[in-house]
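Worksheet for the structure shown next.
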Amino acid sequence: MALKFMTAEEAAALINNNDNVGFSGFTHAGCPKVVPGFIAKRAEEEHAKGNPFKINVFTGASTGDKLDGVLTRAKAINFRAPYQTNKSMREAINNGEIKYCDLHLSTMAQDIRYGYYGKVDYAIVEACEVTENGEIVPTCGVGISPTVSRLAKKVIVELNEWNPRAMRGMHDIPEPQDPPTREDIPVYGVHDRVGKDHIKVDPDKIIVVRTNEPNEGSGFAPVDEVTAKIGENVANFFIKEMAEGRMPKTFLPVQSGVGNIANAVLAAMGESKEIPDFDVYTEVIQDAVIGLMESGRVKFASGCSLTVSNPCIEHIYQNLDFFKERIVLRPSEYSNNPEVVRRLGVIAINTAIEADIYGNINSTHVMGTKMMNGIGGSGDFTRSAYVSIFVTPSVAKDGKISSFVPMVAHQDHSEHSVKVIISEYGVADLRGKCPEERAQEIINKCVHPDYRPLLQEYIKNAPKGQTRFDMYNAFAFHEAFQETGDMKNVTWRKPKNA
Ligand code: 0RQ
(Lines give C-alpha, C1' and ligand atoms only; values in the text may rest on other atoms or scores of the structure.)
Protein backbone atom coordinates (compact mmCIF):
# COMPACT_ATOMS: atom_id res chain seq x y z
CA MET A 1 0.00 0.00 0.00
CA ALA A 2 1.06 3.59 -0.62
CA LEU A 3 2.58 5.50 2.29
CA LYS A 4 0.88 8.67 3.52
CA PHE A 5 2.83 11.91 3.01
CA MET A 6 2.30 15.25 4.78
CA THR A 7 4.08 18.53 5.22
CA ALA A 8 5.87 19.04 8.52
CA GLU A 9 3.27 21.63 9.51
CA GLU A 10 0.38 19.23 8.85
CA ALA A 11 2.12 16.49 10.84
CA ALA A 12 2.78 18.83 13.76
CA ALA A 13 -0.92 19.78 13.80
CA LEU A 14 -1.74 16.18 14.82
CA ILE A 15 0.01 16.58 18.18
CA ASN A 16 -2.21 17.70 21.07
CA ASN A 17 -1.65 19.37 24.42
CA ASN A 18 -0.42 16.85 27.00
CA ASP A 19 0.52 14.18 24.42
CA ASN A 20 3.35 11.78 25.19
CA VAL A 21 5.78 11.95 22.29
CA GLY A 22 8.77 9.65 21.77
CA PHE A 23 11.59 10.93 19.56
CA SER A 24 14.34 9.14 17.66
CA GLY A 25 18.02 9.80 18.02
CA PHE A 26 20.69 9.83 20.65
CA THR A 27 22.51 13.12 21.22
CA HIS A 28 21.99 15.38 18.18
CA ALA A 29 22.57 12.31 15.99
CA GLY A 30 19.46 10.88 14.38
CA CYS A 31 16.93 13.33 15.84
CA PRO A 32 14.04 14.80 13.90
CA LYS A 33 14.84 18.39 12.92
CA VAL A 34 11.77 19.92 11.30
CA VAL A 35 8.49 18.69 12.85
CA PRO A 36 9.55 19.80 16.39
CA GLY A 37 9.92 23.37 15.07
CA PHE A 38 6.32 23.33 13.88
CA ILE A 39 5.14 21.86 17.19
CA ALA A 40 6.92 24.76 18.89
CA LYS A 41 5.18 27.23 16.54
CA ARG A 42 1.84 25.68 17.37
CA ALA A 43 2.54 25.90 21.08
CA GLU A 44 3.31 29.61 20.73
CA GLU A 45 0.09 30.18 18.76
CA GLU A 46 -1.98 28.33 21.37
CA HIS A 47 -0.28 30.19 24.23
CA ALA A 48 -1.05 33.52 22.47
CA LYS A 49 -4.72 32.53 22.44
CA GLY A 50 -4.52 31.73 26.16
CA ASN A 51 -4.69 27.96 25.64
CA PRO A 52 -2.39 25.45 27.33
CA PHE A 53 -0.01 23.51 25.05
CA LYS A 54 2.79 21.39 26.41
CA ILE A 55 3.93 17.90 25.52
CA ASN A 56 5.87 15.21 27.37
CA VAL A 57 9.14 14.42 25.59
CA PHE A 58 10.76 10.97 25.70
CA THR A 59 14.07 10.49 23.92
CA GLY A 60 17.09 8.19 23.81
CA ALA A 61 19.49 10.74 25.29
CA SER A 62 20.15 14.42 24.61
CA THR A 63 18.94 15.80 21.28
CA GLY A 64 19.76 18.68 18.96
CA ASP A 65 18.78 22.31 19.45
CA LYS A 66 16.15 21.86 16.72
CA LEU A 67 14.31 19.56 19.14
CA ASP A 68 15.08 20.32 22.80
CA GLY A 69 16.07 23.95 22.16
CA VAL A 70 13.12 25.08 20.04
CA LEU A 71 10.51 23.26 22.12
CA THR A 72 11.96 24.65 25.36
CA ARG A 73 12.07 28.23 24.13
CA ALA A 74 8.43 27.91 23.02
CA LYS A 75 7.58 26.67 26.54
CA ALA A 76 6.15 23.56 24.88
CA ILE A 77 7.59 20.91 27.24
CA ASN A 78 5.94 19.73 30.45
CA PHE A 79 8.02 16.59 31.16
CA ARG A 80 11.38 15.43 29.80
CA ALA A 81 13.44 12.22 30.20
CA PRO A 82 16.12 10.76 30.28
CA TYR A 83 19.11 13.08 29.40
CA GLN A 84 19.77 16.52 27.91
CA THR A 85 22.67 18.82 27.13
CA ASN A 86 20.83 21.86 25.80
CA LYS A 87 21.54 25.31 27.26
CA SER A 88 17.94 26.57 27.05
CA MET A 89 16.59 23.33 28.44
CA ARG A 90 19.15 23.30 31.27
CA GLU A 91 17.93 26.76 32.33
CA ALA A 92 14.27 25.71 32.10
CA ILE A 93 14.94 22.60 34.19
CA ASN A 94 16.83 24.55 36.84
CA ASN A 95 14.17 27.26 37.08
CA GLY A 96 11.40 24.68 37.44
CA GLU A 97 9.70 25.15 34.05
CA ILE A 98 10.37 21.59 32.88
CA LYS A 99 9.90 18.48 35.01
CA TYR A 100 13.05 16.49 34.27
CA CYS A 101 13.52 12.83 35.17
CA ASP A 102 17.20 11.87 34.97
CA LEU A 103 17.77 8.14 34.58
CA HIS A 104 20.05 5.42 33.22
CA LEU A 105 19.70 5.46 29.44
CA SER A 106 19.54 1.66 29.11
CA THR A 107 16.31 1.64 31.11
CA MET A 108 14.33 4.28 29.21
CA ALA A 109 12.78 2.02 26.53
CA GLN A 110 11.88 -0.72 28.99
CA ASP A 111 10.41 1.79 31.46
CA ILE A 112 8.14 3.03 28.66
CA ARG A 113 7.12 -0.57 27.88
CA TYR A 114 6.52 -1.25 31.58
CA GLY A 115 4.01 1.63 31.50
CA TYR A 116 5.89 3.93 33.89
CA TYR A 117 5.14 7.01 31.77
CA GLY A 118 1.68 6.15 30.40
CA LYS A 119 0.91 5.50 26.74
CA VAL A 120 2.93 6.77 23.79
CA ASP A 121 0.73 8.96 21.58
CA TYR A 122 3.20 9.77 18.80
CA ALA A 123 6.65 8.72 17.73
CA ILE A 124 8.60 11.19 15.59
CA VAL A 125 11.62 9.52 14.04
CA GLU A 126 14.26 10.48 11.52
CA ALA A 127 14.96 7.91 8.80
CA CYS A 128 17.11 7.51 5.72
CA GLU A 129 14.60 5.06 4.23
CA VAL A 130 10.97 4.08 4.77
CA THR A 131 9.24 1.36 2.76
CA GLU A 132 5.63 0.70 1.87
CA ASN A 133 5.58 -2.39 4.07
CA GLY A 134 6.53 -0.35 7.15
CA GLU A 135 10.30 -0.72 7.36
CA ILE A 136 11.96 2.34 8.85
CA VAL A 137 15.76 2.67 8.63
CA PRO A 138 17.15 5.16 11.19
CA THR A 139 19.96 7.59 10.43
CA CYS A 140 22.94 8.06 12.74
CA GLY A 141 21.29 7.50 16.13
CA VAL A 142 18.86 4.81 17.29
CA GLY A 143 17.98 5.45 20.95
CA ILE A 144 14.45 4.33 21.89
CA SER A 145 13.04 4.43 18.34
CA PRO A 146 12.08 0.72 18.08
CA THR A 147 9.97 0.84 21.25
CA VAL A 148 8.27 4.20 20.75
CA SER A 149 7.57 3.45 17.07
CA ARG A 150 5.93 0.14 17.96
CA LEU A 151 3.85 1.56 20.83
CA ALA A 152 2.76 4.87 19.28
CA LYS A 153 -0.65 5.23 17.66
CA LYS A 154 1.03 7.15 14.78
CA VAL A 155 4.66 7.32 13.65
CA ILE A 156 5.75 10.54 11.96
CA VAL A 157 8.85 9.70 9.90
CA GLU A 158 11.12 12.57 8.91
CA LEU A 159 12.62 11.06 5.76
CA ASN A 160 15.81 13.12 5.74
CA GLU A 161 17.43 12.90 2.34
CA TRP A 162 20.62 14.51 3.66
CA ASN A 163 21.45 10.98 4.92
CA PRO A 164 22.21 8.31 2.31
CA ARG A 165 19.82 5.36 1.96
CA ALA A 166 22.95 3.24 1.70
CA MET A 167 23.26 3.59 5.49
CA ARG A 168 20.94 0.61 5.59
CA GLY A 169 22.93 -2.28 7.02
CA MET A 170 24.77 -0.24 9.63
CA HIS A 171 22.07 -0.79 12.27
CA ASP A 172 21.21 -3.79 14.41
CA ILE A 173 17.69 -3.39 15.74
CA PRO A 174 16.28 -5.96 18.14
CA GLU A 175 13.75 -5.35 20.92
CA PRO A 176 13.86 -7.66 23.97
CA GLN A 177 11.02 -9.57 25.59
CA ASP A 178 10.01 -8.21 28.97
CA PRO A 179 10.01 -10.20 32.23
CA PRO A 180 8.88 -12.78 33.12
CA THR A 181 9.78 -14.15 29.67
CA ARG A 182 12.97 -12.21 28.97
CA GLU A 183 15.89 -14.26 27.67
CA ASP A 184 19.57 -13.45 27.50
CA ILE A 185 20.86 -10.73 25.17
CA PRO A 186 22.96 -12.85 22.78
CA VAL A 187 25.70 -10.30 22.13
CA TYR A 188 28.86 -12.33 22.82
CA GLY A 189 31.26 -10.08 20.90
CA VAL A 190 31.19 -6.39 20.01
CA HIS A 191 30.36 -7.15 16.37
CA ASP A 192 27.49 -9.62 17.01
CA ARG A 193 24.22 -8.67 15.35
CA VAL A 194 21.05 -9.90 16.99
CA GLY A 195 18.27 -7.97 15.23
CA LYS A 196 17.19 -6.58 11.87
CA ASP A 197 18.58 -3.66 9.88
CA HIS A 198 15.32 -1.69 10.30
CA ILE A 199 12.39 -0.94 12.60
CA LYS A 200 9.18 -2.64 11.45
CA VAL A 201 5.77 -1.11 12.16
CA ASP A 202 2.26 -1.30 10.70
CA PRO A 203 2.52 0.89 7.56
CA ASP A 204 -1.01 2.18 8.24
CA LYS A 205 0.24 4.25 11.13
CA ILE A 206 3.18 5.84 9.25
CA ILE A 207 3.09 9.47 8.13
CA VAL A 208 6.08 10.55 6.05
CA VAL A 209 7.49 14.09 6.05
CA ARG A 210 10.24 14.67 3.49
CA THR A 211 13.18 16.77 4.72
CA ASN A 212 16.72 17.58 3.72
CA GLU A 213 18.42 18.82 6.87
CA PRO A 214 22.10 18.65 7.80
CA ASN A 215 23.17 17.26 11.16
CA GLU A 216 23.78 19.56 14.11
CA GLY A 217 27.24 18.21 14.93
CA SER A 218 29.66 20.80 16.25
CA GLY A 219 33.34 20.01 16.83
CA PHE A 220 35.23 19.40 20.06
CA ALA A 221 37.44 21.75 22.04
CA PRO A 222 41.07 21.18 21.04
CA VAL A 223 43.03 18.91 23.38
CA ASP A 224 44.75 21.19 25.93
CA GLU A 225 47.59 20.50 28.35
CA VAL A 226 45.32 19.20 31.13
CA THR A 227 43.15 16.94 28.99
CA ALA A 228 46.25 15.64 27.17
CA LYS A 229 47.83 14.74 30.53
CA ILE A 230 44.65 12.99 31.70
CA GLY A 231 44.65 10.98 28.47
CA GLU A 232 48.30 10.06 28.95
CA ASN A 233 47.62 8.95 32.53
CA VAL A 234 44.74 6.74 31.36
CA ALA A 235 46.90 5.15 28.66
CA ASN A 236 49.76 4.52 31.12
CA PHE A 237 47.34 2.95 33.59
CA PHE A 238 46.25 0.43 30.95
CA ILE A 239 49.85 -0.38 30.01
CA LYS A 240 50.63 -1.10 33.67
CA GLU A 241 47.48 -3.20 34.08
CA MET A 242 48.48 -5.39 31.13
CA ALA A 243 52.11 -5.66 32.30
CA GLU A 244 51.03 -6.74 35.78
CA GLY A 245 48.48 -9.25 34.49
CA ARG A 246 45.26 -7.66 35.69
CA MET A 247 44.06 -6.99 32.15
CA PRO A 248 44.34 -9.33 29.14
CA LYS A 249 47.24 -8.39 26.84
CA THR A 250 44.76 -8.56 23.95
CA PHE A 251 42.95 -5.71 25.73
CA LEU A 252 39.18 -5.32 26.26
CA PRO A 253 36.40 -3.30 24.59
CA VAL A 254 36.29 0.34 25.63
CA GLN A 255 33.39 2.63 26.53
CA SER A 256 34.12 6.29 26.71
CA GLY A 257 31.63 8.98 27.76
CA VAL A 258 30.68 12.12 25.96
CA GLY A 259 32.46 15.47 25.88
CA ASN A 260 35.86 17.05 25.42
CA ILE A 261 37.73 15.01 28.02
CA ALA A 262 36.39 11.68 26.76
CA ASN A 263 37.39 12.60 23.20
CA ALA A 264 40.91 13.54 24.38
CA VAL A 265 41.29 10.28 26.35
CA LEU A 266 40.48 8.17 23.31
CA ALA A 267 42.91 10.16 21.19
CA ALA A 268 45.69 9.51 23.75
CA MET A 269 44.90 5.79 23.87
CA GLY A 270 45.14 5.67 20.10
CA GLU A 271 48.57 7.28 20.14
CA SER A 272 50.01 4.85 22.69
CA LYS A 273 52.20 2.25 20.95
CA GLU A 274 51.87 -0.19 23.84
CA ILE A 275 48.07 -0.47 23.81
CA PRO A 276 47.06 -3.03 21.16
CA ASP A 277 44.44 -2.25 18.51
CA PHE A 278 41.12 -2.32 20.33
CA ASP A 279 37.33 -2.57 19.99
CA VAL A 280 34.81 -0.07 21.24
CA TYR A 281 31.50 -1.02 22.94
CA THR A 282 30.00 2.30 23.81
CA GLU A 283 26.97 4.54 23.52
CA VAL A 284 28.28 7.55 21.56
CA ILE A 285 30.89 7.08 18.85
CA GLN A 286 32.77 10.40 18.74
CA ASP A 287 35.20 11.87 16.19
CA ALA A 288 38.29 10.36 17.84
CA VAL A 289 37.00 6.80 17.24
CA ILE A 290 36.52 7.48 13.53
CA GLY A 291 40.08 8.76 13.19
CA LEU A 292 41.41 5.72 15.06
CA MET A 293 39.36 3.40 12.89
CA GLU A 294 40.99 4.79 9.77
CA SER A 295 44.46 4.42 11.24
CA GLY A 296 43.59 0.83 12.20
CA ARG A 297 43.84 1.43 15.97
CA VAL A 298 40.10 0.85 16.53
CA LYS A 299 39.06 -2.43 14.94
CA PHE A 300 35.29 -2.26 15.44
CA ALA A 301 32.82 0.03 17.20
CA SER A 302 29.39 -0.83 18.57
CA GLY A 303 27.38 2.18 19.69
CA CYS A 304 23.99 3.83 19.72
CA SER A 305 24.94 6.89 17.70
CA LEU A 306 27.51 8.52 15.48
CA THR A 307 27.87 11.67 17.58
CA VAL A 308 30.39 13.30 15.32
CA SER A 309 31.02 16.72 13.82
CA ASN A 310 29.44 17.49 10.44
CA PRO A 311 32.72 17.19 8.48
CA CYS A 312 33.20 13.79 10.12
CA ILE A 313 29.72 12.45 9.28
CA GLU A 314 30.09 13.68 5.70
CA HIS A 315 33.39 11.81 5.53
CA ILE A 316 31.68 8.65 6.85
CA TYR A 317 28.87 8.97 4.29
CA GLN A 318 31.45 9.29 1.49
CA ASN A 319 33.16 6.10 2.67
CA LEU A 320 30.18 4.03 3.77
CA ASP A 321 31.53 0.70 2.53
CA PHE A 322 34.56 1.02 4.80
CA PHE A 323 32.59 2.14 7.87
CA LYS A 324 29.64 -0.27 7.50
CA GLU A 325 32.08 -3.13 8.00
CA ARG A 326 33.38 -1.58 11.20
CA ILE A 327 30.39 0.08 12.92
CA VAL A 328 27.08 -1.17 14.27
CA LEU A 329 24.41 1.14 15.71
CA ARG A 330 22.00 -0.38 18.23
CA PRO A 331 19.06 0.76 20.40
CA SER A 332 20.21 2.23 23.72
CA GLU A 333 18.98 -0.73 25.72
CA TYR A 334 21.46 -2.88 23.77
CA SER A 335 24.39 -0.46 23.36
CA ASN A 336 24.25 0.24 27.12
CA ASN A 337 23.03 -3.11 28.36
CA PRO A 338 24.63 -3.96 31.73
CA GLU A 339 24.37 -7.72 31.00
CA VAL A 340 26.46 -7.29 27.85
CA VAL A 341 28.86 -4.82 29.48
CA ARG A 342 29.67 -7.31 32.23
CA ARG A 343 29.96 -10.24 29.81
CA LEU A 344 32.32 -8.45 27.43
CA GLY A 345 34.42 -6.98 30.24
CA VAL A 346 34.02 -3.44 29.01
CA ILE A 347 36.47 -0.82 30.28
CA ALA A 348 34.28 2.16 31.27
CA ILE A 349 35.73 5.67 31.18
CA ASN A 350 33.41 8.50 32.23
CA THR A 351 33.79 12.09 33.35
CA ALA A 352 32.94 13.37 36.83
CA ILE A 353 31.86 16.87 37.79
CA GLU A 354 33.22 16.18 41.28
CA ALA A 355 34.44 13.23 43.33
CA ASP A 356 34.81 12.93 47.05
CA ILE A 357 37.82 11.60 48.92
CA TYR A 358 36.16 8.18 49.27
CA GLY A 359 35.39 7.77 45.56
CA ASN A 360 31.73 8.74 45.38
CA ILE A 361 30.99 10.57 42.13
CA ASN A 362 28.76 13.47 41.20
CA SER A 363 28.28 13.47 37.42
CA THR A 364 25.26 15.70 37.20
CA HIS A 365 24.64 18.50 39.72
CA VAL A 366 26.80 21.64 40.01
CA MET A 367 27.06 22.53 43.73
CA GLY A 368 24.48 19.81 44.37
CA THR A 369 21.64 21.88 42.95
CA LYS A 370 21.89 22.87 39.30
CA MET A 371 21.49 20.12 36.74
CA MET A 372 24.32 20.10 34.20
CA ASN A 373 23.31 17.32 31.78
CA GLY A 374 22.29 14.09 33.48
CA ILE A 375 23.71 10.67 34.35
CA GLY A 376 23.44 9.50 30.74
CA GLY A 377 24.87 6.06 30.23
CA SER A 378 27.66 6.45 32.74
CA GLY A 379 25.84 4.30 35.34
CA ASP A 380 24.89 1.62 32.80
CA PHE A 381 28.59 1.04 32.17
CA THR A 382 30.26 1.92 35.47
CA ARG A 383 28.47 -0.58 37.69
CA SER A 384 29.03 -3.51 35.32
CA ALA A 385 32.47 -2.67 33.94
CA TYR A 386 35.63 -4.80 34.10
CA VAL A 387 37.26 -1.69 35.45
CA SER A 388 35.33 1.55 35.99
CA ILE A 389 37.30 4.75 35.63
CA PHE A 390 36.31 8.35 36.27
CA VAL A 391 38.40 11.14 34.81
CA THR A 392 38.32 14.78 35.81
CA PRO A 393 40.62 17.81 35.78
CA SER A 394 41.71 18.40 39.40
CA VAL A 395 40.12 21.86 39.44
CA ALA A 396 37.43 23.85 37.59
CA LYS A 397 36.84 27.59 37.10
CA ASP A 398 40.50 28.68 37.22
CA GLY A 399 41.26 26.68 40.35
CA LYS A 400 38.47 28.21 42.43
CA ILE A 401 36.65 24.88 42.49
CA SER A 402 38.35 21.66 43.55
CA SER A 403 36.93 18.64 41.71
CA PHE A 404 37.78 16.67 44.87
CA VAL A 405 35.71 17.56 47.93
CA PRO A 406 35.11 16.10 51.40
CA MET A 407 31.69 14.85 50.32
CA VAL A 408 29.95 15.03 46.95
CA ALA A 409 26.99 17.43 46.98
CA HIS A 410 24.98 14.96 44.87
CA GLN A 411 25.72 11.30 44.28
CA ASP A 412 25.38 9.45 40.98
CA HIS A 413 27.93 6.63 41.38
CA SER A 414 28.80 5.21 44.76
CA GLU A 415 32.21 4.22 46.12
CA HIS A 416 31.21 0.59 45.53
CA SER A 417 31.12 1.00 41.75
CA VAL A 418 34.12 3.28 41.24
CA LYS A 419 37.45 1.49 40.85
CA VAL A 420 39.85 4.15 39.55
CA ILE A 421 39.92 7.97 39.41
CA ILE A 422 42.32 9.81 37.13
CA SER A 423 43.19 13.52 37.00
CA GLU A 424 46.06 15.34 35.29
CA TYR A 425 48.15 14.68 38.42
CA GLY A 426 47.85 10.92 38.44
CA VAL A 427 45.91 7.71 38.99
CA ALA A 428 44.10 6.85 42.23
CA ASP A 429 43.65 3.09 42.30
CA LEU A 430 40.81 2.41 44.76
CA ARG A 431 40.60 -1.34 44.26
CA GLY A 432 40.83 -3.36 47.44
CA LYS A 433 41.27 -0.31 49.65
CA CYS A 434 39.35 0.73 52.77
CA PRO A 435 37.93 4.27 53.02
CA GLU A 436 40.95 5.66 54.88
CA GLU A 437 43.36 4.28 52.25
CA ARG A 438 41.10 5.48 49.43
CA ALA A 439 41.16 9.02 50.83
CA GLN A 440 44.98 9.07 50.98
CA GLU A 441 45.26 7.58 47.49
CA ILE A 442 42.93 10.20 46.00
CA ILE A 443 44.50 13.15 47.84
CA ASN A 444 48.09 12.17 47.05
CA LYS A 445 47.56 11.08 43.44
CA CYS A 446 44.74 13.21 42.00
CA VAL A 447 44.03 16.34 44.04
CA HIS A 448 45.52 19.71 43.04
CA PRO A 449 48.43 20.55 45.41
CA ASP A 450 46.61 23.70 46.63
CA TYR A 451 43.81 21.57 48.05
CA ARG A 452 45.82 18.63 49.47
CA PRO A 453 46.50 20.17 52.93
CA LEU A 454 42.88 21.33 53.21
CA LEU A 455 41.53 17.84 52.62
CA GLN A 456 44.06 16.34 55.05
CA GLU A 457 42.80 18.82 57.65
CA TYR A 458 39.21 17.75 57.01
CA ILE A 459 40.15 14.11 57.63
CA LYS A 460 42.15 14.94 60.74
CA ASN A 461 39.17 16.74 62.30
CA ALA A 462 36.58 14.13 61.31
CA PRO A 463 35.38 11.56 63.88
CA LYS A 464 36.98 8.10 63.59
CA GLY A 465 34.92 5.24 62.16
CA GLN A 466 34.80 3.04 59.07
CA THR A 467 34.51 6.30 57.12
CA ARG A 468 35.78 9.52 58.67
CA PHE A 469 32.85 11.83 58.03
CA ASP A 470 32.44 15.23 59.63
CA MET A 471 28.86 16.36 59.27
CA TYR A 472 29.75 19.91 60.32
CA ASN A 473 32.29 20.31 57.51
CA ALA A 474 31.30 17.85 54.79
CA PHE A 475 30.14 20.73 52.55
CA ALA A 476 32.58 23.37 53.81
CA PHE A 477 34.30 23.56 50.39
CA HIS A 478 30.95 24.21 48.68
CA GLU A 479 30.02 26.77 51.34
CA ALA A 480 33.32 28.62 50.83
CA PHE A 481 32.70 28.77 47.09
CA GLN A 482 29.12 30.02 47.49
CA GLU A 483 30.17 32.69 50.00
CA THR A 484 33.57 33.80 48.71
CA GLY A 485 33.80 32.46 45.14
CA ASP A 486 36.81 30.26 45.99
CA MET A 487 36.89 26.89 47.77
CA LYS A 488 40.40 27.62 49.03
CA ASN A 489 38.88 30.10 51.53
CA VAL A 490 37.36 27.20 53.48
CA THR A 491 36.94 27.67 57.22
CA TRP A 492 36.21 24.69 59.42
CA ARG A 493 33.26 24.64 61.79
CA LYS A 494 33.54 23.10 65.26
CA PRO A 495 30.75 20.99 66.78
CA LYS A 496 28.75 23.08 69.34
CA ASN A 497 29.80 20.93 72.33
CA ALA A 498 33.48 20.65 71.30
O1 0RQ B 1 31.87 24.50 32.22
O2 0RQ B 1 31.90 25.05 29.86
O3 0RQ B 1 31.10 26.70 31.55
O4 0RQ B 1 33.53 26.09 31.44
O5 0RQ B 1 31.45 21.73 33.51
O6 0RQ B 1 33.32 20.51 31.73
O7 0RQ B 1 35.73 20.09 31.67
O8 0RQ B 1 34.56 20.85 29.54
O9 0RQ B 1 34.22 18.53 30.50
O10 0RQ B 1 32.78 18.49 28.36
O11 0RQ B 1 33.83 16.46 29.36
O12 0RQ B 1 31.88 17.58 30.49
C13 0RQ B 1 30.72 15.81 33.57
C14 0RQ B 1 29.59 17.69 32.39
C15 0RQ B 1 31.95 17.01 31.76
C16 0RQ B 1 29.99 15.51 31.17
C17 0RQ B 1 30.55 16.51 32.24
C18 0RQ B 1 32.13 22.64 34.38
C19 0RQ B 1 33.31 23.09 33.55
C20 0RQ B 1 32.65 23.30 32.19
C21 0RQ B 1 32.09 20.98 31.28
P22 0RQ B 1 32.11 25.68 31.19
P23 0RQ B 1 34.52 20.06 30.80
P24 0RQ B 1 33.20 17.75 29.57
C25 0RQ B 1 27.86 9.41 28.08
C26 0RQ B 1 28.11 9.36 29.52
C27 0RQ B 1 27.69 12.90 32.80
C28 0RQ B 1 27.01 11.96 31.86
C29 0RQ B 1 27.91 10.92 31.30
C30 0RQ B 1 28.70 14.84 31.62
C31 0RQ B 1 31.62 22.16 32.14
O32 0RQ B 1 30.95 14.53 30.89
O33 0RQ B 1 27.61 15.40 31.49
O34 0RQ B 1 28.98 10.63 31.77
N35 0RQ B 1 28.80 13.60 32.20
N36 0RQ B 1 27.41 10.33 30.25
O37 0RQ B 1 33.90 24.26 34.07
C38 0RQ B 1 31.31 23.45 38.63
C39 0RQ B 1 32.58 21.55 39.11
C40 0RQ B 1 32.79 21.39 37.71
C41 0RQ B 1 32.20 22.31 36.85
C42 0RQ B 1 33.30 20.83 35.68
N43 0RQ B 1 33.11 20.71 40.00
N44 0RQ B 1 31.83 22.58 39.52
N45 0RQ B 1 31.45 23.34 37.30
N46 0RQ B 1 32.55 21.94 35.61
N47 0RQ B 1 33.49 20.49 36.98
C48 0RQ B 1 26.89 10.43 27.50
C49 0RQ B 1 25.56 9.91 27.09
O50 0RQ B 1 25.00 9.27 27.85
C51 0RQ B 1 24.96 10.23 25.79
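Remarks
- Working from label points 7 Å from Cα in the Cα-to-Cβ sense, the D224 to L103 distance is 3.7 nm.
- Extent along principal axes [Cα atoms of the stretch 299-379; Å; largest to smallest]: 47, 32, 20
- Residue-normalised accessible area of the chain, expressed per residue, 1.4 Å probe, Å²: 39
- Take the Cβ atoms of R165 and H47, set R0 to 45 Å, and the FRET efficiency comes out at 0.70.
- Accessible-area composition of the chain, carbon plus sulfur, in percent [1.4 Å probe]: 51
- Taking other residues whose beta carbon is less than 11 angstrom from the beta carbon of P186, and scoring Lys, Arg as +1 and Asp, Glu as -1, yields -2.
- For the stretch 434-498, pairs of C-alpha atoms spaced more than 16 angstrom apart make up 49 percent of the total.
- Rh by Kirkwood over Cα pairs, then Stokes-Einstein D for the stretch 182-259 at 1.567 mPa s and 4 °C, µm²/s: 70
- Only helices enter the 222 nm calculation for the chain: every DSSP H run of n ≥ 4 contributes -39,500 (n - 2.57), and dividing by all residues gives -8000 deg cm²/dmol, rounded to 500.
- Note on Q318/T7: beta-carbon distance plugged into 1/(1 + (r/R0)^6) with R0 of 25 Å gives a FRET efficiency of 0.25.
- DSSP-defined antiparallel bridges as percent of all bridges, the chain, nearest 5: 25
- Each semi-axis of the equivalent ellipsoid for the stretch 44-174 is √(5λ) with λ an eigenvalue of the Cα gyration tensor; in descending order they amount to 26, 17, 15 Å.
- Residue range of the chain that is longest and free of GluC sites (Glu not before Pro) which are both DSSP loop and sparsely packed (at most 14 other C-beta within 10 Å): 326-498
- Of all DSSP-defined beta bridges confined to the stretch 1-129, some 10% are antiparallel rather than parallel.
- In order along the stretch 51-63, the Karplus-derived 3J(HN,Hα) couplings, from 6.51 cos²θ - 1.76 cosθ + 1.60 at θ = phi - 60°, round to 9, x, 7, 9, 10, 9, 10, 10, 9, x, 7, 6, 9 Hz, and Gly and Pro are given as x.
- Efficiency of FRET from Cβ geometry, K400 and D277, R₀ 35 Å, rounded to 0.05: 0.25
- The Kirkwood hydrodynamic radius of the chain, based on inverse pair distances between different Cα atoms, is 23.5 Å.
- Alpha-carbon Rg/Rh ratio, for the stretch 238-368, with Rh computed the Kirkwood way: 0.98
- Alpha-carbon centroids, the stretch 243-290 and the stretch 108-130: separation in whole Å: 32
The values are calculated or read from the model by the stated rules, or taken from the named source; none is laboratory data. Source: prediction; values computed, not measured. All Cβ positions, glycine included, derive from the backbone under ideal geometry; neighbour counts span all protein chains shown. Quick note on the areas: whole protein, heavy atoms, side chains included, nothing else; ligands and nucleic acids left out. Shrake-Rupley method; radii C 1.70, N 1.55, O 1.52, S 1.80 Å.
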